[in-house]
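The values are calculated or read from the model by the stated rules, or taken from the named source; none is laboratory data. In this text the structure is predicted, and so the values were computed from the model without any measurement. Glycine gets a Cβ as well: all are built from the backbone with ideal geometry, and neighbour counts include every protein chain shown.
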Amino acid sequence: MVSASFRSKRCCSRHSRSANLKASCHSRRRACGERGEASEGLVLLEQAFEALAKSDSNYQLPELLSAKGELLSLLDPRDDAVEGLFRQSLAAAREQGAKLAELRSALRLARLWSVRGRGSEARDLLAPAYAAFNEALDTPDLAEARGLLQRLSHAAAAP
């Protein structure tokens, strides 16, 4: 039986020119992390960074940086590089004017800060990114951001 990770690599190398298939391959890289194969996911992400560097587009940069941060955090949650990658992702999303990518990056960084006892900073970062949306507030990303903001607000109000 051919493993899913082998199929993922084969897919990504065979179809690297198609934008839709690049997105599909990116999803498979993230799945490596969800299956506990963070090291393999990092190898696939490095290939994606190389392909991005050769292309004339950088729209995937915020998501790739965030995915790398998430995978590194699986290997070592205390790694300072994780925060740096989330910050880079946030800066890239803001530079592109990509509001959803900005929300996702802010959410990841806020979640990290919350775990590290920096709830006030997390709330201050995430609140404006969330407030930028006034439609489709039931999407998974917005629902997660809303939930984290509620938890952070309750924690701040607690004595």
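Among the residues of segment 129-144, what is the count of those that are exposed (fewer than 11 other Cβ atoms within 10 Å of the Cβ) and either in contact with a Phe, Trp or Tyr (Cβ under 8 Å, 6 or more places away or on another chain) or acidic (Asp, Glu) (or both)?
2
Can you tell which of 132, 145 is in contact (Cβ under 8 Å) with a residue 40 or more places away in the chain and small (Gly, Ala, Ser)?
Details: 132 fails: in contact (Cβ under 8 Å) with a residue 40 or more places away in the chain.
None of the other options fit; the residue is 145.
Taking segment 92-121 on its own, how many of its residues are under 17 Å from residue 147 (Cα atoms), of a type in the set (A, V, I, L, M) and under 16 Å from the mean Cα position of the chain (by Cα)?
7
Please work out which residue is farthest from the chain's Cα centre (by Cα), limiting yourself to segment 46-90 and to residues that are more than 18 Å from residue 116 (Cβ to Cβ) and among the basic types (Lys, Arg).
Only one residue fits best here, namely 54.
If you take the residues of segment 23-39 that are assigned to a helix (DSSP H, G or I) and within 18 Å of residue 79 (Cα to Cα), which of them is modelled with the lowest pLDDT?
Our first condition is that a residue be assigned to a helix (DSSP H, G or I); within segment 23-39, this holds for 23-34, 38-39.
If we keep only those that are within 18 Å of residue 79 (Cα to Cα) as well, we get 33, 38-39.
Working: 33: 47, 38: 81, 39: 80.
Here the answer is 33.
Out of 106, 157, I need the residue that is among the small types (Gly, Ala, Ser) and farther than 18 Å from residue 69 by Cα. Which one? So that I can check it myself, show each step before the final result.
Numbers: 106 fails: farther than 18 Å from residue 69 by Cα.
On inspection, the qualifying residue turns out to be 157.
Yes/no matrix, rows are residues, columns are (1) touching a Leu at 6+ places or on another chain (Cβ under 9 Å); (2) modelled with pLDDT under 95:
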residue	(1), (2)
72	yes, yes
75	yes, yes
97	no, no
118	yes, no
126	yes, no
134	no, yes
137	no, yes
147	no, no
153	no, yes
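Can you tell me which residues in segment 145-159 are assigned to a helix (DSSP H, G or I) and either surrounded by 16 or more Cβ atoms within 10 Å (Cβ to Cβ) or over 18 Å from the mean Cα position of the chain (by Cα) (or both)?
Taking segment 145-159 as the starting set, the residues that turn out to be assigned to a helix (DSSP H, G or I) are 145-157.
Those that are assigned to a helix (DSSP H, G or I) and either surrounded by 16 or more Cβ atoms within 10 Å (Cβ to Cβ) or over 18 Å from the mean Cα position of the chain (by Cα) (or both): 145, 148, 149, 150, 151, 152, 153, 154, 155, 156, 157.
Just for segment 39-49: of the residues that are in contact with a helix residue (DSSP H, G or I) (Cβ under 8 Å, 6 or more places away or on another chain) and not aliphatic (A, V, I, L, M), which one is surrounded by the most Cβ atoms within 10 Å (Cβ to Cβ)? Full working, then the answer.
Keep residues of segment 39-49 that are in contact with a helix residue (DSSP H, G or I) (Cβ under 8 Å, 6 or more places away or on another chain), which gives 39-42, 44-45, 47-49.
From what is left, the residues that are not aliphatic (A, V, I, L, M) are 39-41, 47, 49.
On the way: 39: 12, 40: 18, 41: 27, 47: 15, 49: 15.
Only one residue tops the list, namely 41.
Among residues belonging to segment 50-78 that are exposed (fewer than 15 other Cβ atoms within 10 Å of the Cβ) and touching a helix residue (DSSP H, G or I) at 6+ places or on another chain (Cβ under 7 Å), point out the one that is farthest from residue 95 (Cα to Cα).
Taking segment 50-78 and keeping what is exposed (fewer than 15 other Cβ atoms within 10 Å of the Cβ), we get 50, 53-59, 75-78.
Filter once more, keeping what is touching a helix residue (DSSP H, G or I) at 6+ places or on another chain (Cβ under 7 Å): 58-59, 75.
Details: 58: 11, 59: 10, 75: 29 Å.
Only one residue fits best here, namely 75.
Tell me yes or no: at least one residue of segment 118-128 is within 21 Å of residue 68 (Cα to Cα), surrounded by 18 or more Cβ atoms within 10 Å (Cβ to Cβ), in contact (Cβ under 8 Å) with a residue 40 or more places away in the chain and not β-branched (Val, Ile, Thr).
no
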